[in-house]
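Let me begin by presenting the structure, written as structure tokens, before commenting on it.
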Amino acid sequence: MSATKILHINTMAELMAKGEQAEILFWVGCAGSFDDRAKKITKAVAAILDQVGIRFAVLGTEESCTGDPAKRAGNEFLFQMQAMQNIQVMNMYEVKKIVTACPHCFNTLKNEYPGLGGDYEVVHHATLLQQLINEGRLRVADGGPFKGKRITFHDSCYLGRANGIYEAPRQLLEALDVELVEMKRSKTNGLCCGAGGAQMFKEAEKGTKEVNIERIEDALEVQPSVVAAACPFCMTMLSDGVKQKERENEIKVYDLAELIAQANGLID
Amino acid sequence: MLSPILFVIIAAAGIGLFARKVGKIRRNIFLGQPLQRSDRTAARWATMARVAMGQSKMVTRPVAGFFHILIYVGFVLINLEVLEIILDGVSGNHRLFKPLLGDFYYFLISFFEVLGVGVILACIVFLWRRNVQPLARFKGPELTGWPRLDANLILLIELVLMSALFGMNIAEANMPEQGGYLVSNLLAPLFGGMSPEALHLTERICWWLHIIGIFAFLNYLPYSKHFHIILAFPNTWYAQLEPAGQFSNMESVKKEVELMMDPNANPYAATDPEATPARFGAKDVMDLPWKSLLDAYSCTECGRCTSVCPANQTGKLLSPRKVMMDTRDRLEEVGKNIDKNGSFIDDGKALLGDYITAEEALACTTCNACVEACPVLINPVSILTELRRYQAMEASQVPSEWALMFGNIENNGAPWQFPAADRLGWADNLEVKTSNPSA
Ligand code: SF4
Ligand code: SF4
């Protein structure tokens, strides 16, 4: 019954050629561009921005890794090379405001780029979506598919402790009218998913357990039907955890943007 | 007449020795690399007031927080009395302020006695939590031997000091010409049958025990985790005000990258010897920023960091508390080397490898849980990051998967091996639904 349309994603280059400017740059990030699961998050964000009527654009092939994993792994050279390159591109397009669905990109762009000549207003999509709701620009369908569902939110380290953003994600879930349940370790005490600090890109050191298993056990304890995340790397870790516990049929892991886009009937 | 002279000698020696050791620690801390941490002074005072004076991070664990505040308040306030004790000692007087303050003196000392009871209670609870029913965070491989003894010794010294104070007051409670205070009057029967001479002798012994104990305590501090009672203040003042996720952008790298990216840059600007550090990242303690070294001396070894560390909690070797203790131990070793040789002579050891292994440094997820948990705003992550920087940029010793990831970022701008040209692939034929149930 629902109609579909093909969403055209503008690049900054395209807009510039037309003599137009984007209201906001959507920084997709490497996971959002290449990881199959994370691409769905990217699509959800794009669909919401489109629905709200925000004039956004992406850098497309002109975007390159922020350098975050290199920096956390200790390769400051590579990080700064990446940063300089990205800053050159963004300054060329006179970028003012950036939204990203990746807390790692968010942290790097917001905190570490200014010192290298890249000054932008950077928001994570959780904050942007919450602002849009507050301003009345984004309406969340009431009685959506998540109404009354038990949902727990996993704080991403780079959103929470790293940047003090704990409330915006939770307010989004409240807007969806879900039953928000907190894990025993949440907000400032939230347990890492195990991916940060470039751990995503190597085997863990010898230990007795994987961090994502420890974390998913926290989540299972509160018996949610959905584990909500706000980071593509947490998404991977949590989804793997749910699979290893063989609970993927009852427990879904969704990004906040996916929950909103689904509630608003933009994606399945 | 003898006792004021003796007192002055003891006091001068006590304070002099302490000052000498503190001077050495200061020197050790400034072996570290420069770091600007004197901006935004208003925010720094506010942080110190909240975290060090207000103990804001301690109360997140209510039991420890409550008893710690008992000791903290007791310690700070009872030490006001030490002022009187010192003046008494120098002048050969006894209770100099008593005639001056009258009834208020009775109230004040009674109040101190109540605080003293609190301190004794807290010390007993803490000894219990360390020895009888040890909390998980008071176990752990780095908390055996000296660190364990140190923690117990401090509690015992505090008990001795408080007992001496009460011994003094209880003896006086039995002297008609002196009289006791709130708690000591209640406890007066303890010394009930004693002769006036014995009472007087007890009072003197306790007085000397207390004051010598204080100077001994003062000189023990710099060798102990208990040094935090002083360093907590500067350490919170100099803490990072930027968001915890913000890692430093290395200035030395900035120069080199500018040269590589900008053909017009002046190549000689980079050869400024002041600006170029001995090495990128840290192999040894002197390569760390000085604040990390101050952190190391401020660590209370409480283990809050380790108890929330995802790596440690899943059985990895990494323990942020051990990172701090290792840094301090190595820095002390370097300091002794300098004391002996005049300047540092290579001893074939280093922080990385001999104290903290690469495996430990690699296990950190940079989740900042340790930073969040630390009651005195220590940052173990910045030490681990400097070690990784050394490994990546000087030693070229990173796990092969990381080397691959670096290569991918360099070649195709992503940590995985996807062609950069496919970056917009997700947007091809992007089909979304247009129905809006709320519309
Ligand atoms: S930042 Fe590193 S050391 Fe600190 S708690 Fe997290 S994993 Fe452990
Ligand atoms: S670093 Fe902080 S939390 Fe960790 S043991 Fe030392 S004082 Fe405690």
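The values are calculated or read from the model by the stated rules, or taken from the named source; none is laboratory data. Quick caveat, the model's predicted, so the values are computed rather than measured. Because the Cβ atoms are built from the backbone with ideal geometry, glycine has one as well, and the counts that use them run over all protein chains shown. Keep in mind that these areas ignore ligands, DNA and RNA; they rest on the heavy atoms of the full protein, side chains included. Shrake-Rupley method; radii C 1.70, N 1.55, O 1.52, S 1.80 Å.
General observations
- Only residues that are part of a loop (DSSP other than H, G, I, E, B), more than 7 Å from chain A (Cβ to nearest Cβ) and among the polar types (S, T, N, Q) were counted in region B:386-439, giving 3.
- Hey, B:ILE383 touching an Asp or Glu at 6+ places or on another chain (Cβ under 9 Å) and outside any helix (DSSP H, G or I) or not: no
- Listed by first and then second residue, the pairs with beta-carbon distance under 8 Å, at least 6 apart or on different chains, first residue in region B:67-92 and within 26 Å of B:ILE9 (Cβ to Cβ), second not in a helix (DSSP H, G or I), are B:GLU84/B:ARG95; B:GLU84/B:LEU96; B:LEU87/B:ASN93; B:LEU87/B:LEU96; B:ASP88/B:HIS94; B:ASP88/B:ARG95; B:ASP88/B:LEU96; B:GLY92/B:MET1.
- The one condition in (1) at the interface with chain B (Cβ under 10 Å from one of its Cβ atoms); (2) surrounded by 24 or more Cβ atoms within 10 Å (Cβ to Cβ); (3) under 30 Å from B:SER252 (Cα atoms) that A:LEU109 fails to fulfil: (1)
- Of all the criteria given as (1) over 18 Å from A:GLN130 (Cα atoms); (2) more than 7 Å from chain B (Cβ to nearest Cβ); (3) of a type in the set (D, E, K, R), the one not satisfied by A:LYS5 is (2).
- B:TYR297 being on the phi < 0 side of the Ramachandran plot, away from ligand 2 (no atom under 14 Å from the Cβ) and crowded, with 19+ Cβ neighbours inside 10 Å: no
- Each residue in region B:302-324 was checked for being open to solvent by 10 Å² or more (accessible area, probe 1.4 Å), of a type outside the set (A, V, I, L, M) and not in a helix (DSSP H, G or I), and 4 pass.
- For region B:225-239, the criterion of being assigned to a loop (DSSP other than H, G, I, E, B) and either at pLDDT 95 or above or outside the structural domain of B:ALA12 (by TED's automatic domain parsing) (or both) is met by at least one residue.
- Flag not set for B:TYR355, criterion: within 11 Å of chain A (Cβ to nearest Cβ), of a type in the set (Ser, Thr, Tyr) and touching an Asp or Glu at 6+ places or on another chain (Cβ under 8 Å).
- B:LEU377 meets the conditions (1) open to solvent by 20 Å² or more (accessible area, probe 1.4 Å); (2) farther than 16 Å from B:ALA311 by Cβ; (3) more than 15 Å from ligand 2 (Cβ to nearest atom) in every case but one. The failed one is (3).
- Picking from residues in region B:339-370 that are assigned to a helix (DSSP H, G or I) and more than 16 Å from B:ASP287 (Cβ to Cβ), the one that is farthest from ligand 2 (Cβ to nearest atom) is B:ASN341.
- Region A:39-91 - residue that is among the small types (Gly, Ala, Ser) and closer than 26 Å to B:PHE247 by Cβ and, of those, surrounded by the fewest Cβ atoms within 10 Å (Cβ to Cβ): A:SER64
- In region B:325-338, residue least open to solvent (accessible area, probe 1.4 Å) [restricted to those that are within 16 Å of ligand 2 (Cβ to nearest atom) and aliphatic (A, V, I, L, M)]: B:LEU331
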